[in-house]
Amino acid sequence: MNYEHWRHYARGWLFHFFGREDAAFEAYLTAFRNNPQDVQSARHLAAIAAKRKNWEVAIKWFEAALALTPDDGANWFNLGYVCEHAGKPKEAIAAFTEAVRLVPAQDMAWYGMGLAHARLGQHDQAVTALEKVVELQPMSGEGFYQLGMAYHHANRPDDVTKIVKRLVGFEPKRARKLVQDAQRSDLMKYIPELPF
């Protein structure tokens, strides 16, 4: 047993628990250096960096964790998330694709993939990913809204109409936002008068 590794890992965990993230980061870093097979320290380092919005450092540590556990669907999602925030939508799509290959029901990875495709102007691919989101989460107002916008940008007006009608049933405010953002005043007839 590598006592030096565990001593630093335990210190990192305690510092992290008490909100002392700078000290936790340094302790986890030392733990990882003492045991480069320590996937937990790599994950903690990535999470701390992501919380600080230090996206490049977070990417590095999620990649280190995935080098040790390449079949970890949750970490592929995390890598996609930080890549998207780092302004790297192509890398985000690759990570989200791996996440859903490993965990097909991971709706947030489908969602992230859809948004990344939309940012690249790949609206048909965005539609495909976002359709999976609403299939997995049939009451996701945000999922339906983003799917409606993807339909709008993919020039599928009839599908936008279907989304508005669906949203009116459980999120009329979001339905109104979709109508406004898609500049579809013809669909206002489906939006109820809201008292607020």
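Taking region 127-142 as the range and being more than 23 Å from Pro172 (Cα to Cα) and touching a helix residue (DSSP H, G or I) at 6+ places or on another chain (Cβ under 7 Å) as the test, only Ala129 passes.
If the condition is being open to solvent by less than 60 Å² (accessible area, probe 1.4 Å), more than 25 Å from Leu66 (Cα to Cα) and in a loop (DSSP other than H, G, I, E, B), then region 94-121 contributes only Gly121. Would you confirm, using the coordinates I've provided, whether Glu84 is buried (at least 21 other Cβ atoms within 10 Å of the Cβ) and on the phi < 0 side of the Ramachandran plot? Yes: the conditions hold for Glu84.
Tell me, please, whether a residue that is assigned to a helix (DSSP H, G or I) and open to solvent by 60 Å² or more (accessible area, probe 1.4 Å) can be found in region 143-152. Checking region 143-152: at least one residue is assigned to a helix (DSSP H, G or I) and open to solvent by 60 Å² or more (accessible area, probe 1.4 Å).
Filter region 176-196 for residues that are more than 12 Å from Leu147 (Cα to Cα) and either of a type in the set (Ser, Thr, Tyr) or part of a helix (DSSP H, G or I) (or both) and give the result. Walk me through how you get there before you give the answer.
At the first step, the residues of region 176-196 found to be more than 12 Å from Leu147 (Cα to Cα) are 176-177, 179-181, 183-196.
Within region 176-196, Arg176, Lys177, Val179, Gln180, Asp181, Ser185, Asp186, Leu187, Met188, Lys189, Tyr190 meet the criteria.
Applying the condition of being out of contact with any helix residue (DSSP H, G or I) (no Cβ under 7 Å at 6 or more places or on another chain), in a helix (DSSP H, G or I) and not aromatic (Phe, Trp, Tyr) to region 1-17 and asking which residue is farthest from Val82 (Cα to Cα) yields Arg7. For region 51-61, the tally of residues that are within 14 Å of Asn75 (Cβ to Cβ) and either surrounded by fewer than 21 Cβ atoms within 10 Å (Cβ to Cβ) or at pLDDT below 95 (or both) stands at 1.
Table: residues versus (1) touching a residue at least 60 places away in the same chain (Cβ under 8 Å); (2) touching a Ser or Thr at 6+ places or on another chain (Cβ under 9 Å); (3) not in a loop (DSSP other than H, G, I, E, B).
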{"site": "Gly19", "(1), (2), (3)": "no, no, no"}
{"site": "Ala24", "(1), (2), (3)": "no, no, yes"}
{"site": "Ala31", "(1), (2), (3)": "no, yes, yes"}
{"site": "Gln37", "(1), (2), (3)": "no, no, no"}
{"site": "Pro70", "(1), (2), (3)": "no, no, no"}
{"site": "Trp76", "(1), (2), (3)": "no, yes, yes"}
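As a summary of the residue check, Asp71 satisfies the conditions (1) over 30 Å from Arg119 (Cβ atoms); (2) surrounded by fewer than 18 Cβ atoms within 10 Å (Cβ to Cβ) except for the one numbered (1).
The values are calculated or read from the model by the stated rules, or taken from the named source; none is laboratory data. As the structure is a prediction and not an experimental result, all values here were calculated from the model. Methodologically, a virtual Cβ is constructed for each residue, glycine included, from the backbone with ideal geometry; neighbour enumeration extends over all protein chains shown. Ligands, DNA and RNA are excluded from the accessible area calculation, which covers all protein heavy atoms including side chains. Shrake-Rupley method; radii C 1.70, N 1.55, O 1.52, S 1.80 Å.
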